[in-house]
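Derivation of every value follows stated rules applied to the coordinates shown; laboratory data play no part. Quantities reported herein were computed from a predicted structural model and do not represent experimental measurements. With ideal geometry, Cβ positions are generated from the backbone for all residues, glycine too; neighbour counts draw on all protein chains shown.
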Amino acid sequence: MRTKVGVIVGVGLLAALSGPGLAHHSWTADYDGGRPVTVKGVVSKVEWTNPHTHFYLDVKNPDGSLKTWNFEMASTLSLERAGWTRKTLPVGTEVTVTGFGGRAVMERAIAGSIVTADGKALFVGKPGQ
């Protein structure tokens with residue numbers, strides 16, 4: 001009986017400790033490194049959240065309709081260390097973003113670079129930070 005309890009407790013501890021190790025995933029799980037994208041549009045929303053910051057870009061299609069892209073960036077801590085604040089990328093800013101497209105959602109991507117309309121390059125962090 002003691003052995004069974006010891007095994008159950010041991011398995012429970014291993015399961016509890018393995019959770020944090022599995023929590024963070026590789027960026028290649030969600031994004032395709034073989035599908036580079038370049039998108040120009042206007043920032044419509046910024047989510048300053050952990051574990052990664054997201055911003056949304058309204059992109060005008062050739063037919064005049066709008067398509068909203070969701071871009072993921074580094075963690076808020078990495079961005080703050082690089083000088084970002086919640087005001088660095090305000091809604092309404094026109095930007096050109098390069099990155100890698102999503103595997104499941106075509107209008108989702110991980111940002112590799114952001115350049116404002118006046119040519120200013122913004123730090124976005126390495127994919128997966």
Taking the stretch 48-84 and keeping residues charged (D, E, K, R) and either surrounded by 20 or more Cβ atoms within 10 Å (Cβ to Cβ) or farther than 14 Å from V95 by Cα (or both) leaves D63, K67, E72, E80, R81
Considering residues that are of a type in the set (D, E, K, R) and farther than 16 Å from V91 by Cα, the number found within the stretch 34-47 is 1
Residues in the stretch 65-85 that are touching a residue at least 24 places away in the same chain (Cβ under 8 Å) and either farther than 12 Å from W48 by Cβ or part of a loop (DSSP other than H, G, I, E, B) (or both) total 13
